[in-house]
Amino acid sequence: MTVARLILATDLDGTFLGGTDEQRRALYRDLQARDDLLLIFVTGRDRDFIARLLDSGEMPRPRYVIGDVGTSVFDGTALEPIAALEAPIAERWRGANARVRALLADEPGLRLQPTAFRYRVSYDCDPRLLSADLIPKVEAAGFDGLLSADRFFDVLPRGISKGSTLRRLVAALDLDASRVLVAGDTMNDLSLFQTGFNGVAVGNSEPRLVDAVRAMPNVFNSRLPGAAGIADAIRHFQPAAQGPDSLARPPVLSF
């Protein structure tokens, strides 16, 4: 069995799916040519969207998918939930969908998304209209509130995020954390960078994320958008001059 020398854990919208058609094709081609890649999608999207995306056959298939802003974990073959990894998420959520919807029913600036998520409640939002007490209200009820891309508001189980679920997956698979590269572009990706894994904020990242990761030594801020930013980060963390067997330590790591 080939050891994964690059464990790419990437957001989709704006990141793995971002950039021009040519930039995406170039990244996907390079990743498909590697036999040492373990690909993980880490996204706010649900299983149905991911299934449709993979049916297109235009991109490498992930080994694992962390979906729904970190509240679901699927294998990448049949997109079946991984029960052992989802159990702590379900335990913290305790079937709270109806409770959350009732809690926020009269909040201004929120429009409930129609998808029936299992362990989250999500809204489209107008941040100009949101109450200053919205997130404290959500937290007081025992949940986490997350505003991202100035468009979305998610209510999540306390302590559950893209980053926390990725860390549990990496630990469960006994993966080498120094081989992990995370990639994202909005505030719902901030928790990925807070794991301490090497990461890239791609060139089209929202300003709030850029500000939040500016002082993080593990984060490379690419000037290139989406897929091109990911390719840029792989080059950044694996300079050709090091050769394939280099074991250099941060800030330069060999993938």
- Item | ARG168, sole failed condition from (1) in the same structural domain as LEU37 (by TED's automatic domain parsing); (2) more than 16 Å from the chain's Cα centre (by Cα); (3) among the basic types (Lys, Arg) | (2)
- Elements of type strands (runs of 3 or more DSSP E) in region 34-76, at least 1 residues being of a type in the set (S, T, N, Q): 72-75
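To keep it simple, each residue is scored yes or no on (1) among the hydroxyl-bearing types (Ser, Thr, Tyr); (2) touching a residue at least 40 places away in the same chain (Cβ under 8 Å); (3) on the phi > 0 side of the Ramachandran plot; (4) assigned by TED's automatic domain parsing to the domain that holds SER164.
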| position | (1), (2), (3), (4) |
| --- | --- |
| TYR28 | yes, yes, no, yes |
| PHE41 | no, no, no, yes |
| ASP46 | no, yes, no, yes |
| ASP55 | no, no, no, yes |
| THR77 | yes, no, no, yes |
- The lone condition ILE7 fails out of (1) at pLDDT below 95; (2) touching a Phe, Trp or Tyr at 6+ places or on another chain (Cβ under 9 Å) is (1)
- Message: Test of understanding: among LEU31, LEU27, LEU53, which residue is of a type in the set (A, V, I, L, M, F, W, C), farther than 16 Å from ASP13 by Cβ and surrounded by 16 or more Cβ atoms within 10 Å (Cβ to Cβ)?
- Response: LEU31
- Note on the structure: Going through region 5-36 in order, the residues found to be of a type in the set (A, V, I, L, M), in contact with a helix residue (DSSP H, G or I) (Cβ under 6 Å, 6 or more places away or on another chain) and within 24 Å of ALA172 (Cα to Cα) are ILE7, ALA9
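For region 179-205, how many residues are assigned to a strand (DSSP E or B) and either touching a residue at least 40 places away in the same chain (Cβ under 8 Å) or in the same structural domain as ASP124 (by TED's automatic domain parsing) (or both)?
Of the residues in region 179-205, 6 are assigned to a strand (DSSP E or B) and either touching a residue at least 40 places away in the same chain (Cβ under 8 Å) or in the same structural domain as ASP124 (by TED's automatic domain parsing) (or both).
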- Hey, ARG168 in contact with a Phe, Trp or Tyr (Cβ under 8 Å, 6 or more places away or on another chain) and closer than 30 Å to PHE197 by Cα or not: no
- Among the candidates ARG63, ARG120, residue that is in the same structural domain as SER191 (by TED's automatic domain parsing), at pLDDT 95 or above, of a type in the set (D, E, K, R) and in contact with a Leu (Cβ under 6 Å, 6 or more places away or on another chain): ARG63
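Restricting to region 206-217, what's the tally of residues that are in contact (Cβ under 8 Å) with a residue 12 or more places away in the chain and either at positive phi or surrounded by fewer than 18 Cβ atoms within 10 Å (Cβ to Cβ) (or both)?
Number satisfying all stated conditions: 3.
The values are calculated or read from the model by the stated rules, or taken from the named source; none is laboratory data. Keep in mind that what you see is a predicted model, and the values were worked out from it rather than measured. As a convention, Cβ positions derive from the backbone with ideal geometry for all residues, glycine included, and neighbour counts pool all protein chains shown.
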